[in-house]
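No value in this document is a laboratory result; all are computed from the given coordinates. Since this is a predicted model, take the numbers as computed values, not measurements. Don't worry about glycine lacking a Cβ; one is built from the backbone with ideal geometry, like all the others, and counts go over all protein chains shown.
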Amino acid sequence: MTEGYEALRRGGAWMDVSARGRIVVRGRDRARLLHNLTSNEVNKMQPGQGCYAFLLNPQGRIQADLTLFCLADHFLIDTEPELREKVRLHINKYIIADQVELEDVTESTGAVALEGPEAAAVMAKIGAPAPSTAYAHEPWGDATVARTSLTGQPGYRIYCGSAQTRDMMAKVSAAGARQAGEDDLRAVRIENGRPLFGEDIRETSLPQETQQLHAVSFTKGCYLGQEIVERIRAQGHVNKKLVRLTIRGGDVPAPGCKLLANGADAGEITSAAVSPESGEVAALAYVRTNFADAGTELDAGGKAARVR
């Protein structure tokens with residue numbers, strides 16, 4: 001068990017997440033455009049609020065996931081590093097007569113994630129605000145602090161100028177936070193059932209399949225892909241769901257490993273990692289709906305697996 005994993009689980013851990021994509025959206029029509037393109041409620045958002053959302057295609061398939069933060073004169077989009085250009089181009093494609101400007105600020109800004117049960121205590125030690133509501137954010141000098149998490153642990157993100165990033169990392173370190181690595185982050189996010197676009201959320205995925213329905217508003221009205229999302233809601237089910245699994249033994253199955261239930265095809269694993277906490281393998285998998293109930297026993301490449 002590494003120091004970074006222990007800090008994420010029981011203390012406070014920091015990670016430099018400056019490589020994540022950050023796009024500023026300005027212009028008088030920014031809220032209307034983003035409302036029409038994303039799966040969550042944007043028009044009613046006030047400065048200091050935010051949300052998690054999907055960008056869908058007309059067939060209702062997820063093209064990207066992102067976090068939106070509403071500020072007084074712009075929105076800030078935070079997304080996976082490999083999605084920054086895709087997100088920008090997707091939004092830009094639908095700017096026709098709208099007064100909307102997009103600026104990729106990834107290179108000129110930085111971001112430090114602070115996560116774990118003691119994250120709020122670390123923020124207090126450095127004199128930073130600690131918003132209590134998911135995706136809420138507050139100014140802190142020239143920086144902005146948002147309530148958001150990559151691992152599913154209690155967490156915050158400090159957005160600042162690129163020149164300030166090293167100073168922010170030094171501050172949280174001096175306040176007792178420990179640096180967590182990519183393997184630590186991956187293990188905890190999978191243990192907590194936090195999906196990652198590109199692994200667990202795919203371009204072929206439907207929102208209801210991912211079970212991340214905090215990314216979807218069912219009352220906002222029309223948006224790109226909404227017809228399919230609403231049709232699925234009306235039908236009441238999807239054929240598969242993303243679930244958490246525990247797999248006995250320490251051998252990590254590869255993505256795409258088939259799952260069986262009494263010899264029948266039950267789904268496939270999308271990501272997996274050894275849990276330092278239990279010594280068993282934690283995994284995320286798309287499982288056929290009739291096998292997706294908690295406690296269901298499955299076979300994962302000859303290993304016993306259980307839906308959590």
Suppose R0 equals 41 Å. What FRET efficiency, 1/(1 + (r/R0)^6) with r the Cβ-Cβ distance, do A97 and I232 give to the nearest 0.05? 0.80
Give me the percent of DSSP beta bridges within the chain that run antiparallel, rounded to the nearest 5. 95
Take the alpha carbon atoms of segment 88-155, find their center, do the same for segment 29-51, and report the distance between the two centers in whole angstrom. 15
Looks like the chain, by Cα gyration tensor root eigenvalues a ≥ b ≥ c and the a/c under 1.5 rounded cutoff (else prolate when a/b is bigger than b/c, oblate otherwise), is oblate
Tell me, in nm to one decimal, what length is gained between E138 and T246 on full extension, where the rule is 0.36 nm per residue of separation less the Cα-Cα distance? 35.1 nm
If R0 = 22 Å, then R308 and K86, at their Cβ-Cβ distance, give a FRET efficiency to the nearest 0.05 of 0.10
Taking 26 Å as the cut-off for C-alpha to C-alpha distance, list the pairs among K93/K240; K86/K303; K86/K171; K220/K241 that go past it. K93/K240; K86/K303; K86/K171
Give the residues of segment 183-197 whose amide nitrogen is closer than 20 Å to a point set 7 Å from the Cα of L213 in the direction of its Cβ. 193-196
